[in-house]
1. Quick one: is B:D113 at the interface with another protein chain (Cβ under 9 Å from one of its Cβ atoms), without any contact (Cβ under 8 Å) to a residue 12 or more places away in the chain and of a type outside the set (G, A, S)?
2. Report, by residue number, each residue of the range B:49-62 that is farther than 23 Å from B:A122 by Cβ and either exposed (fewer than 14 other Cβ atoms within 10 Å of the Cβ) or facing another protein chain (nearest Cβ under 9 Å) (or both).
3. Please find, within the range A:22-42, the residue that is nearest to A:R118 (Cα to Cα) out of those that are touching a residue at least 40 places away in the same chain (Cβ under 8 Å) and either surrounded by fewer than 17 Cβ atoms within 10 Å (Cβ to Cβ) or among the basic types (K, R) (or both).
4. For B:L130, which of the numbered conditions (1) under 30 Å from B:F20 (Cα atoms); (2) aliphatic (A, V, I, L, M); (3) in contact (Cβ under 8 Å) with a residue 60 or more places away in the chain fails to hold?
5. Select from the range A:132-157 the residues that are buried (at least 16 other Cβ atoms within 10 Å of the Cβ) and within 12 Å of chain B (Cβ to nearest Cβ) and write down the one among them that is nearest to B:G143 (Cα to Cα).
6. Scan the range A:116-131 for residues that are surrounded by 19 or more Cβ atoms within 10 Å (Cβ to Cβ) and touching a residue at least 24 places away in the same chain (Cβ under 8 Å) and jot them down.
7. Before we move on, is B:Q65 polar (S, T, N, Q), crowded, with 16+ Cβ neighbours inside 10 Å, more than 14 Å from chain A (Cβ to nearest Cβ) and touching a residue at least 40 places away in the same chain (Cβ under 8 Å)?
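The values are calculated or read from the model by the stated rules, or taken from the named source; none is laboratory data. Keep in mind it's a predicted model, so treat the numbers as computed, not measured. Neighbour counts run over all protein chains shown; Cβ positions are idealised from the backbone, glycine included.
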Amino acid sequence: MGLMDGKNGASDQAAAARKDEMQRQNRIRVGTKRINNTFGQFDDGFYDDISSSYRDFAQPDLDRQFGDATEKLTFSLARNGMLNSSTRAEQSADLQGDYDKAKVDLESKAKEYATGARNSVEDARTDLISTLQLTGDAVGASNAAVNRATALATPPTYSPIAQLFTDFTNGLAQQAALERAEAYSGGAVRPRFNTGLFGTNSGAVKVGG
Amino acid sequence: MAGFLLPLLLGAGSIAANSFGANQAQDAMQQVSDLYGDRKRRNDRRAFEINAKARDRFDDFSGQQDAKTSDIAGLYTSAVDSAPQEPLPAMPSSDSGIVTSRIASENAAAKEDANQNAEARARLESFGDLFGDKSIGMARDAGKLGQIGSFQRGWDSILPLELQAASQKGAGWMMLGDLLNLGSGMTLPGALRAGAGGLTMRGDLFGPGGVV
């Protein structure tokens with residue numbers, strides 16, 4: 001019945017085109033699945049690990065800097081016999097406040113690294129799928145996905161945290177100079193404020209003896 | 001009379017074969033059209049579902065932002081409250097109740113300030129973070145829609161070929177019909193001459209008392 005049904009060049013051509021299109025669509029489906037499987041390793045746990053490894057990298061440095069700043073403050077207070085004073089309470093609270101804010105910064109940075117990694121992964125996945133839809137090359141897309149995923153799985157390089165308490169410790173030195181100048185000049189030189197750490201502060205509560 | 005039977009049969013066969021062939025072509029074209037319509041409707045439905053899902057992502061955005069703010073604030077305030085990883089040098093403790101109380105109140109104020117700062121930052125960052133999450137979902141949706149569009153374009157590109165092939169369905173029957181018609185045309189004059197005996201071609205066949 002083939003001849004009677006009109007099986008001819010046109011139907012062969014249409015059948016070949018249909019077959020090609022079905023194969024193309026199938027390759028795109030398979031390729032997309034492979035890309036998604038390859039990128040399946042980038043789950044929430046992966047991004048949590050990035051945040052966590054940044055914390056592990058930065059937190060000891062932050063603590064060390066905070067420790068150094070605490071020591072400097074302690075020595076400054078001790079030199080002036082102010083360890084038992086309200087000035088100590090204010091200064092140590094200021095330092096603690098800076099430390100707490102630095103911890104929030106650190107946490108925000110950890111989140112930022114994870115978000116950056118997530119965006120890079122999604123960009124790569126989107127690129128690969130777009131290319132696959134244009135080329136219909138499932139094997140090429142699959143190989144490219146593996147290469148991109150390997151590169152993306154490499155831990156990012158973290159920037160060291162800045163010197164977070166420099167302002168505080170530099171401030172201590174500067175304030176010391178100003179307050180000493182006030183003491184030596186008999187009040188002729190007046191700092192804008194007096195912490196009482198390095199000279200006399202009439203407002204400070206100081207426990208004697 | 002028997003001589004007319006063959007051309008009549010051939011003529012009738014021609015009409016039947018042509019009609020059958022034409023019906024086959026029409027049915028095939030209808031089938032192609034139906035199949036194309038089904039695919040298109042299926043693709044449109046999938047695209048609509050993805051679009052609807054994409055729209056739903058933004059339902060109650062402010063509520064979602066509040067939840068995000070709460071998540072981030074929780075992260076930051078727990079960081080503020082967490083113990084340092086390294087042992088820190090502590091200041092010597094004060095033996096004065098007044099100083100100790102002042103230290104406690106100053107530290108509490110500093111802690112409160114840090115927590116307020118953490119919550120303010122969480123509010124500030126929540127929009128960007130939430131929108132970033134949405135953007136990832138939207139990019140995935142766009143990828144799926146792109147794939148559906150690509151598939152639909154593929155089917156669109158082969159539709160003319162399929163219609164062309166369908167229009168030629170039954171061509172064999174139509175050719176047979178043409179051949180039968182030709183046969184009918186060729187046998188009819190002979191039948192008229194031989195089979196009709198003394199009848200003249202026109203007058204005796206179609207005239208009063210004629211065969212037809």
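1. Working: at the interface with another protein chain (Cβ under 9 Å from one of its Cβ atoms): yes; without any contact (Cβ under 8 Å) to a residue 12 or more places away in the chain: yes; of a type outside the set (G, A, S): yes.
Against the criterion (at the interface with another protein chain (Cβ under 9 Å from one of its Cβ atoms), without any contact (Cβ under 8 Å) to a residue 12 or more places away in the chain and of a type outside the set (G, A, S)), B:D113 qualifies.
2. Initially, the range B:49-62 is screened for residues farther than 23 Å from B:A122 by Cβ, giving B:49-56.
Selection gives B:E49, B:N51, B:A52, B:K53, B:R55, B:D56.
3. Of the residues in the range A:22-42, the ones touching a residue at least 40 places away in the same chain (Cβ under 8 Å) are A:24, A:27-28, A:30-32, A:34-36, A:38-39, A:41-42.
Adding the requirement that they be either surrounded by fewer than 17 Cβ atoms within 10 Å (Cβ to Cβ) or among the basic types (K, R) (or both) leaves A:24, A:27, A:30, A:34, A:36, A:41.
Values: A:R24: 30, A:R27: 27, A:V30: 24, A:R34: 19, A:N36: 14, A:Q41: 12 Å.
Once the filter is applied, the top-ranked residue is A:Q41.
4. With (1) under 30 Å from B:F20 (Cα atoms); (2) aliphatic (A, V, I, L, M); (3) in contact (Cβ under 8 Å) with a residue 60 or more places away in the chain applied to B:L130, the lone miss is (1).
5. Per the stated criteria, the residue is A:Q133.
6. Applying the first criterion (surrounded by 19 or more Cβ atoms within 10 Å (Cβ to Cβ)) to the range A:116-131 yields A:117, A:121-122, A:124-125, A:128-129.
Once the filter is applied, which keeps residues that are surrounded by 19 or more Cβ atoms within 10 Å (Cβ to Cβ) and touching a residue at least 24 places away in the same chain (Cβ under 8 Å), the range A:116-131 yields A:A117, A:V121, A:A124, A:R125, A:L128, A:I129.
7. On the way: polar (S, T, N, Q): yes; crowded, with 16+ Cβ neighbours inside 10 Å: yes; more than 14 Å from chain A (Cβ to nearest Cβ): yes; touching a residue at least 40 places away in the same chain (Cβ under 8 Å): yes.
When the stated conditions are applied, B:Q65 passes them.
The rows are residues; the columns are (1) at the interface with chain B (Cβ under 7 Å from one of its Cβ atoms); (2) under 21 Å from B:K111 (Cβ atoms); (3) buried (at least 21 other Cβ atoms within 10 Å of the Cβ).
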position: A:F46; (1), (2), (3): no, no, no
position: A:S52; (1), (2), (3): no, no, no
position: A:L62; (1), (2), (3): no, yes, yes
position: A:S76; (1), (2), (3): no, no, yes
position: A:E90; (1), (2), (3): yes, yes, no
position: A:L95; (1), (2), (3): no, yes, yes
position: A:E107; (1), (2), (3): yes, yes, yes
position: A:E112; (1), (2), (3): no, no, no
